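Peer 1: Please find one structure pasted underneath; my questions will follow.
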Amino acid sequence: MKFGTLFVISGPSGSGKGTILNKVIDDANVSLSISATTRQPRSGEKDGVHYHFMTREKFLSEIENNNVLEYNEYCGNLYGTLKSEVETLLASGKDVILEIDVNGAKQIAKSMECVRVFILPPSMETLKQRLSLRGTETDETLNNRINQAHSEIDEAYYYDYVVVNDELEDAVKKIKSILEVERLRASKMKFKIDRLKK
Ligand code: ADP
Ligand code: 5GP
């Protein structure tokens, strides 16, 4: 039986995770897990496409019913990965990407085999500019996210790969190469295990 590879992508808000992944998932063999969140949708965000938007009460009942693989509270909202988004896809041999924060990544790494990739901005100044230009944050939420970014960045040391998102196309190429290399590694491993069992 072939299981897909699980990729975990983290990085501070505004580092470019969403922008990069949008360009990576045109690759038919990889699916992006859609997280659940209690945050309000931004303009243009659709339920079931960008997130499964839900009330805090519904989110807590999903945890209670053991439907959540990992979750965390980030800047006052809950975010989490639903089991239903991940397990069936991996079991069918598909590779899956989780775009989750550093706390969620730690929880996943404890219980599942995964490849962790951290996306860094070229500088804190650029991060602030990009987040501000995105136009999704108030002064307060922007400052909260930048404050949070400092402690998140310290976690980059523990990831398997770190990619600096300076030129977008370079960063996209690097992430695509990581996916390819890790897929190859997983299939070589499977080949060795299958051969041993013969
Ligand atoms: P995240 O998903 O990590 O919060 P986004 O993908 O929303 O970050 O990117 C934040 C902002 O920065 C967006 O407005 C996006 O268009 C812009 N951006 C992302 N990568 C680059 C880049 N390499 N160069 C310039 N702007 C970028
Ligand atoms: P945003 O509000 O910008 O969409 O996301 C805020 C933060 O929540 C980002 O760091 C993002 O990676 C993280 N996030 C999104 N989905 C999940 C999830 O399912 N689990 C966890 N732990 N974090 C998530």
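Peer 1: Of all the residues that make up segment 1-54, how many are within 9 Å of ligand 2 (Cβ to nearest atom) and in contact with a helix residue (DSSP H, G or I) (Cβ under 7 Å, 6 or more places away or on another chain)?
Peer 2: Counting residues in segment 1-54 that are within 9 Å of ligand 2 (Cβ to nearest atom) and in contact with a helix residue (DSSP H, G or I) (Cβ under 7 Å, 6 or more places away or on another chain) gives 10.
Peer 1: For a quick check of your reading of the model, give me the residue pairs whose first member lies in segment 119-135 and is in contact (Cβ under 8 Å) with a residue 24 or more places away in the chain and over 12 Å from P12 (Cβ atoms), whose second is of a type in the set (D, E, K, R) and surrounded by 13 or more Cβ atoms within 10 Å (Cβ to Cβ), with beta-carbon atoms closer than 6 Å and at least 6 apart or on different chains.
Peer 2: As it stands, the answer is P122/D166, since those pairs meet every condition given.
Peer 1: Would you check which residues across segment 41-75 are within 16 Å of ligand 1 (Cβ to nearest atom), part of a strand (DSSP E or B) and without any contact (Cβ under 8 Å) to a residue 60 or more places away in the chain and list them?
Peer 2: Matches in segment 41-75: Y51, N72.
Peer 1: Residue under question is R134, and the condition is that it be at pLDDT 95 or above and more than 24 Å from E70 (Cβ to Cβ); does it hold?
Peer 2: yes
Peer 1: Of the residues that sit in segment 85-121 and are exposed (fewer than 15 other Cβ atoms within 10 Å of the Cβ) and not hydrophobic (A, V, I, L, M, F, W, C), which one is farthest from T5 (Cα to Cα)?
Peer 2: K110
Peer 1: While we're on this one: I'd like the full set of residues that are away from ligand 2 (no atom under 13 Å from the Cβ) and under 20 Å from V24 (Cβ atoms), limited to segment 122-155.
Peer 2: Answer for segment 122-155, where residues must be away from ligand 2 (no atom under 13 Å from the Cβ) and under 20 Å from V24 (Cβ atoms): just P122.
Peer 1: Out of all the residues in segment 67-98, which are closer than 16 Å to R145 by Cα and not aromatic (F, W, Y)?
Peer 2: Listed by number, the residues that qualify are N72, E73, C75, G76, N77, L78.
Peer 1: Can you tell which of D154, D194 is farther than 30 Å from G44 by Cα, over 20 Å from the mean Cα position of the chain (by Cα) and of a type in the set (D, E, K, R)?
Peer 2: Residue meeting the stated conditions: D194.
Peer 1: Just checking, how many residues over segment 17-40 are part of a loop (DSSP other than H, G, I, E, B), modelled with pLDDT under 95 and within 15 Å of ligand 1 (Cβ to nearest atom)?
Peer 2: 1
Peer 1: Against the definition (at pLDDT 95 or above, under 16 Å from the mean Cα position of the chain (by Cα) and buried (at least 20 other Cβ atoms within 10 Å of the Cβ)), how does G14 come out, yes or no?
Peer 2: Judged against the criteria, G14 is a match.
Peer 1: Name the single residue, out of those in segment 171-189 being surrounded by fewer than 13 Cβ atoms within 10 Å (Cβ to Cβ), farther than 15 Å from I20 by Cα and of a type outside the set (A, V, I, L, M, F, W, C), that is nearest to ligand 1 (Cβ to nearest atom).
Peer 2: Per the stated criteria, the residue is E180.
Peer 1: Run V49 past the list (1) under 12 Å from the mean Cα position of the chain (by Cα); (2) aliphatic (A, V, I, L, M); (3) farther than 18 Å from K106 by Cα and report the number of the one that doesn't hold.
Peer 2: In the conditions (1) under 12 Å from the mean Cα position of the chain (by Cα); (2) aliphatic (A, V, I, L, M); (3) farther than 18 Å from K106 by Cα, V49 misses (1) alone.
The values are calculated or read from the model by the stated rules, or taken from the named source; none is laboratory data. This structure is a prediction, so every number in the text was calculated from the model and none was measured. Note: ideal-geometry Cβ built from the backbone for every residue, glycine included; neighbour counts use all protein chains shown.
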